[in-house]
1. Within segment 423-471, which residues are surrounded by 14 or more Cβ atoms within 10 Å (Cβ to Cβ) and either assigned by TED's automatic domain parsing to the domain that holds Gly162 or at positive phi (or both)?
2. Based on what the data block shows, is Phe120 aromatic (Phe, Trp, Tyr) and crowded, with 20+ Cβ neighbours inside 10 Å?
3. Looking at (1) among the hydroxyl-bearing types (Ser, Thr, Tyr); (2) part of a loop (DSSP other than H, G, I, E, B); (3) within 25 Å of Gly177 (Cα to Cα), can you tell me which one Ser380 breaks?
4. Only one of (1) surrounded by 14 or more Cβ atoms within 10 Å (Cβ to Cβ); (2) in the same structural domain as Val338 (by TED's automatic domain parsing); (3) more than 27 Å from Ala306 (Cβ to Cβ) is not met by Ala552, so which one is it?
5. Assuming Asp67 fulfils every condition listed in (1) buried (at least 22 other Cβ atoms within 10 Å of the Cβ); (2) of a type outside the set (Gly, Ala, Ser); (3) more than 18 Å from Thr42 (Cβ to Cβ); (4) over 26 Å from the mean Cα position of the chain (by Cα) apart from one, which condition is it?
6. Is it the case that segment 411-421 has a residue that's in contact (Cβ under 8 Å) with a residue 40 or more places away in the chain, of a type in the set (Gly, Ala, Ser) and not assigned by TED's automatic domain parsing to the domain that holds Arg84?
7. Conditions first: (1) closer than 21 Å to Pro294 by Cβ; (2) surrounded by fewer than 20 Cβ atoms within 10 Å (Cβ to Cβ). Thr146 passes all but one, so which condition is the exception?
8. Tell me, yes or no, whether segment 497-505 has at least one residue that is more than 29 Å from the chain's Cα centre (by Cα) and closer than 20 Å to Arg347 by Cα.
Amino acid sequence: MTVSPPVPSTAPAIVLVSEEHADTLREVFWRYSREYELRTATSFHEACEVTEQVLAQGHPVAMFVSDSRLPDVDTVLRAFAEWRTLVPTARRLVASPFERFLADAPGLRAGMAKGKYDAFLLMPRADRDEEFHHAVTDLLSDWSWTTTDPDVVVAKIVAPEGDPVAQQIRDFFDRMGLPCRVATPDSEIGRHLADHFPADAGYPRVWAVNRTPIVATSVRDVARSFFETDAERELDARTRTDVVDVAVVGGGPAGLATAVYAASEGLSAVVLDGSAIGGQAGTSSMIRNYLGFPRGISGMRLAQRALNQALRFGTRFHTGWEVDRLVAGSGDEPHRLVGEDFEVSARSVVVASGVRYRHLGVPSVEERVGRGVNYGAAMSLSREMEDHDVVVVGGGNSAGQAAVHLSRFARSVTIAVRRPALSETMSAYLIGEIEFNPRISVATCTQVVEAGGEPQLEWLVLESTETGERRRVPAHGLFLLLGAEPHCHWLPEEVARDERGFVLTGRDVPKERWADGLPPANLATSAPGIFAAGDVRAGSMKRVAAATGEGASVVPLVHAYLAPGDDA
């Protein structure tokens, strides 16, 4: 019998369960034995005992891998339900032997659609089944990113506990795919950074590899300081004086798709974004209905892959560059995008600035933003919700994804929605996951009317929109994912918008603003050379796939505008 190499005493464990193939699974997972503790069991009940032993020894459980049939349960789905109770954060994988793969698939795949487990795979029959291991490493990577404190960090944030700006900066780093850690002023790194600042310097203080430590007053300070080297600043200075072919405002799915297709087709492209790349989609813990990712992908990972793809084709990205004003060009004059300390000239502009969540408007809630109250999913805070009660407000897919993710940590998650049902606004696959999850409850026809607790959020008052009845509930976290408002206050009057502020394109542009009696192209605005794509556009679908489709579709229109009369 082979012996595993030594692993750290608190290394995460992978529990392998099969009556007939436990040894096979152990051989398959041998490559992980340097970093993970491998434990085997031959039945559901034995696996429960093994799991309790592993937890008692201080090992977190990263994954359960089970045969598609176990001797002591009628279905492996029941086993996964129990293991989920034991370790809510662990990933769950079915590895079916070849002789049962086709027979067991129909009955088990329905359970995967409801989130009862994460993947259904064929147990490897030969060495180096890299397709199998690709799925395993994807799940382990997702587990590690969302569940564990990073071993190696890119940045450290020093601030007193509960500092709201520190929380925003931490969330920014997470959305950029950069592991970070928050420390208090009396920590080792806190005392070290004190030597770099005057005694009266404020917080948060941010340190990163090969960067001068700074005192940050906003996310913008961090983005501008930490994501541009001196060489990049010199290049950026030239970019500001050059006229680029297309400037994209917004780094969400629509803006990223525009950047990839524009740069790949030879256009000089610049993307400006005031915050982290990825937009609202970048905050999603797991997008399961995006084409080509059968096991799902987090919004952050999707955004970072698209970012790297666009960079490969030559796109320039500027995070922390908040556009304050667009001056539409006329004749041969380029458009000008103006910010606090920059100006970019472009022959064409694609408005992909997306939407922002509406504020609740309840004073006691607003004054606790950053102290338990969060607009958006704020996935970086999920570990801090462990064993606490959480409320998510919103009925869209983002709210559903946030609730499912938070349920891995929180004692309970309540989704509060003003509508009588989730089915009007949420995808069926998410509703199925929520219905199956015992930690999630849905409070329909419900709104938040009050918040309390000092200094952190401790309780909320929920009110029925039908009866007016109020009830006070404990809450350590409130995540607000309300209906969206367009982020385009910076657009000039030349760009027509609807009564809600969304950008009008194509035939939706008022007829009196058509040129020569013809409507603009489908994604073109009322201002020549200015286009719109994604959620900021009136009538858009508000789905990641739709936004990326529009980002790709707008590029031929940009080509046609830049080279009129050229059929290519």
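1. Across segment 423-471, the qualifying residues are Cys445, Gly453.
2. yes
3. So the condition that Ser380 fails would be (2).
4. Among (1) surrounded by 14 or more Cβ atoms within 10 Å (Cβ to Cβ); (2) in the same structural domain as Val338 (by TED's automatic domain parsing); (3) more than 27 Å from Ala306 (Cβ to Cβ), the lone unmet condition for Ala552 is (3).
5. That leaves (3) as the condition not met.
6. yes
7. Only one criterion is unmet by Thr146, namely (2).
8. No, because not a single residue in segment 497-505 is more than 29 Å from the chain's Cα centre (by Cα) and closer than 20 Å to Arg347 by Cα.
The values are calculated or read from the model by the stated rules, or taken from the named source; none is laboratory data. Keep in mind that what you see is a predicted model, and the values were worked out from it rather than measured. With ideal geometry, Cβ positions are generated from the backbone for all residues, glycine too; neighbour counts draw on all protein chains shown.
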